[in-house]
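Visitor: Pasting a structure below so you can have a look.
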Amino acid sequence: MKVMSEKSGKSMRKRSDKLKGLQVITSQGIKFRHPMKDVHTASMIISGCGWVDTDDGIVLIDTLINKKAAKTTYDKIHEVSKGRIKYIIYTHGHGDHIGGCEVFMADKPEVIASKYLPARLDKYRMLAQHRNRISAQQFDLPEIKMPEKQIARIYSSVIYPTKTFLGEMTFKLGDKTFELHTTRAETDDACWVWIPEINAAFVGDLIIGSFPNIGNPWKPTRFALDWVKALEEVRAKEPEIIFASGAGIMYRDDDVSAVLDANIEAIRNMHDQVIDCINKDIHITEMIHKIQLPDHLKNNPHLAFLYSRPEFFVYNVYRWYHGYFDGNPANLLPRPEKEVMDEIYKIIGDPEKILNSAKDLFDQNQVQLGLQILDILIQADPENINARKLRIRMLKKLGSRDYCLMSRNAWVYFIKKDKKFIRSREKAKTN
Ligand SMILES: [Zn+2]
């Protein structure tokens with residue numbers, strides 16, 4: 001896989017420094033910026049929002065991830081801007097964009113979102129336990145099993161939109177026009193905003209400052225083709241400034257076309273490669289290794305594999321267009337994986353053979369293949385401590401060269417799990 005070099009990381013940081021505008025950083029780590037007349041932004045590590053002043057009140061776009069950050073931002077808004085927040089626009093229903101909304105409701109705003117956003121919030125409530133588990137893997141968080149009461153309390157403060165729409169919607173407030181466009185992109189409820197008077201686009205997570213998040217191993221599919229069409233619509237507006245990723249990232253001058261062109265070409269090119277592979281009946285496990293970014297985009301600073309990665313992109317586009325069946329009759333109605341591994345294990349008949357073979361592959365730097373061979377042993381004999389210890393070494397090796405946040409966190413999560421398992425068995429022995 002391509003990794004971002006230290007050098008390109010530094011040059012990215014240098015460029016974004018240039019765009020900060022007047023910047024204030026609070027003790028909570030929230031950065032307040034005033035990059036242009038009538039626009040302010042607030043951003044923290046994984047979340048951001050922006051607000052636009054008009055001569056008849058304020059429009060807030062996204063609401064940060066939690067109420068604490070939202071309260072600090074609410075106070076800041078009323079310190080530097082005039083009037084009340086009359087509208088809130090959700091760029092989509094991810095928690096880092098809607099989590100702080102309750103605080104801003106003190107101003108009694110209209111909350112506008114895609115028609116599909118309420119169903120997303122319902123889904124999050126319905127799958128709360130599952131989402132806690134996968135968040136632990138994706139973000140390297142503690143795995144918490146929440147009591148139903150606590151879940152109910154958390155979700156009771158989620159603010160649903162007061163007005164929804166699909167397609168295009170325009171409203172005016174004071175001296176500004178807000179053109180809202182829904183699309184399917186990272187989510188099915190995405191909405192990007194165009195403000196013609198200031199030539200500014202707020203695009204939510206259509207752009208995240210690195211390789212686009214088209215593909216997340218834990219989540220339903222993203223919408224690559226609609227995503228790229230939305231970015232092409234944004235480009236057609238010829239924006240002077242783009243606020244992305246909840247307004248935590250901004251682009252102006254030459255960077256606007258650079259970031260749009262890079263994202264558009266990457267998505268179109270890789271999407272079309274997947275289509276070609278599907279039509280040629282290439283197996284998905286071959287496809288994820290075969291498809292790559294075009295050479296001239298591989299070191300593009302707007303496409304570093306910091307959050308997602310090409311393999312996830314390929315799986316994602318494949319899953320959108322393709323059913324689960326991979327063309328192998330053995331996989332049409334498969335027996336449980338554990339049952340199959342038990343049988344293979346019995347045929348091999350010797351755990352040492354599997355262990356040695358996996359170790360050889362590891363030594364030959366074929367770590368992923370070794371991991372899959374070792375899996376026969378771990379599934380058939382989960383108590384095999386040597387197999388667990390070898391798996392820890394393999395996962396550490398995979399993690400050590402992995403710059404993608406999602407896969408790196410997954411390796412770390414399963415290392416911790418294996419370590420915990422080994423500790424529990426050692427403790428049982430000494431007792
Ligand atoms: Zn998002």
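Visitor: For T41, are the conditions met, namely being away from the ligand (no atom under 14 Å from the Cβ), closer than 24 Å to E186 by Cβ and assigned by TED's automatic domain parsing to the domain that holds R125?
Guide: So T41 passes the test.
Visitor: Turning to a different aspect of this structure: Out of all the residues in the range 352-403, which are buried (at least 19 other Cβ atoms within 10 Å of the Cβ) and outside any helix (DSSP H, G or I)?
Guide: Once the filter is applied, which keeps residues that are buried (at least 19 other Cβ atoms within 10 Å of the Cβ) and outside any helix (DSSP H, G or I), the range 352-403 yields only D402.
Visitor: Moving to a separate point now. May I ask you to verify whether I241 is out of contact with any helix residue (DSSP H, G or I) (no Cβ under 6 Å at 6 or more places or on another chain), farther than 25 Å from Y116 by Cα, of a type in the set (V, I, T) and not assigned by TED's automatic domain parsing to the domain that holds D55?
Guide: It is false that I241 is out of contact with any helix residue (DSSP H, G or I) (no Cβ under 6 Å at 6 or more places or on another chain), farther than 25 Å from Y116 by Cα, of a type in the set (V, I, T) and not assigned by TED's automatic domain parsing to the domain that holds D55.
Visitor: Here's a follow-up. Give me the residue from the range 299-316 that is farther than 12 Å from M270 by Cβ and touching a residue at least 60 places away in the same chain (Cβ under 8 Å) and, out of that set, nearest to the chain's Cα centre (by Cα).
Guide: Out of the qualifying residues, it is Y307.
Visitor: May I ask you to list the residues in the range 158-217 that are closer than 30 Å to R319 by Cβ, among the small types (G, A, S) and in contact with a Ser or Thr (Cβ under 9 Å, 6 or more places away or on another chain)? Walk me through it before giving the result.
Guide: If we filter the range 158-217 for residues that are closer than 30 Å to R319 by Cβ, which is where we start, we get 158, 160-161, 164-168, 180-193, 201-217.
Within this subset, residues satisfying the condition of being among the small types (G, A, S) are 167, 185, 190, 201, 204, 209-210, 215.
Matches in the range 158-217: G167, A190, G204, G209, S210, G215.
Visitor: While we're here: Working only within the range 152-195, note down all residues that are exposed (fewer than 15 other Cβ atoms within 10 Å of the Cβ) and within 30 Å of I415 (Cβ to Cβ).
Guide: Across the range 152-195, the qualifying residue is only I154.
Visitor: Going residue by residue through the range 407-416, is there one that turns out to be modelled with pLDDT of 95 or more, β-branched (V, I, T), over 19 Å from F139 (Cβ atoms) and not in a loop (DSSP other than H, G, I, E, B)?
Guide: For the range 407-416, residues modelled with pLDDT of 95 or more, β-branched (V, I, T), over 19 Å from F139 (Cβ atoms) and not in a loop (DSSP other than H, G, I, E, B): absent.
Visitor: How about the range 309-325: which of its residues are surrounded by 13 or more Cβ atoms within 10 Å (Cβ to Cβ) and either modelled with pLDDT under 95 or hydrophobic (A, V, I, L, M, F, W, C) (or both)?
Guide: F312, F313, V314, V317, W320
Visitor: Let me ask you something else. Tell me which residues, restricted to the range 238-253, are at pLDDT 95 or above and either surrounded by fewer than 17 Cβ atoms within 10 Å (Cβ to Cβ) or within 12 Å of N316 (Cβ to Cβ) (or both).
Guide: Passing the criteria: E238, E240.
Visitor: Then there is this: Testing Y87 on (1) in a strand (DSSP E or B); (2) within 16 Å of the ligand (Cβ to nearest atom), one condition comes back false. Which one is that?
Guide: With respect to (1) in a strand (DSSP E or B); (2) within 16 Å of the ligand (Cβ to nearest atom), Y87 is out only on (2).
Visitor: Continuing with this model, one more query. Taking G99 as meeting all but one of (1) touching a helix residue (DSSP H, G or I) at 6+ places or on another chain (Cβ under 6 Å); (2) within 16 Å of the ligand (Cβ to nearest atom), write down the number of the exception.
Guide: (1)
Visitor: Considering the range 271-284 alone, what residues qualify as being of a type in the set (A, V, I, L, M, F, W, C) and either assigned by TED's automatic domain parsing to the domain that holds P212 or outside any helix (DSSP H, G or I) (or both)?
Guide: I282
Visitor: Mind listing whichever residues of the range 54-69 are surrounded by fewer than 24 Cβ atoms within 10 Å (Cβ to Cβ) and either in contact with a helix residue (DSSP H, G or I) (Cβ under 8 Å, 6 or more places away or on another chain) or under 18 Å from I112 (Cβ atoms) (or both)? Spell out the reasoning first.
Guide: Here is the first cut: in the range 54-69, the residues surrounded by fewer than 24 Cβ atoms within 10 Å (Cβ to Cβ) are 54-57, 65-68.
Matches in the range 54-69: T54, D56, G57, I65, K67.
Visitor: Here is a list: E232, E238. Which entry is in a helix (DSSP H, G or I), away from the ligand (no atom under 16 Å from the Cβ) and of a type in the set (D, E, K, R)?
Guide: Numbers: E238 fails: in a helix (DSSP H, G or I).
Testing whether each residue is in a helix (DSSP H, G or I), away from the ligand (no atom under 16 Å from the Cβ) and of a type in the set (D, E, K, R) leaves just E232.
The values are calculated or read from the model by the stated rules, or taken from the named source; none is laboratory data. None of the values given here were measured: they were computed from a predicted structure. Here Cβ is always computed from backbone atoms with ideal geometry, including for glycine, and neighbour counts include all displayed protein chains.
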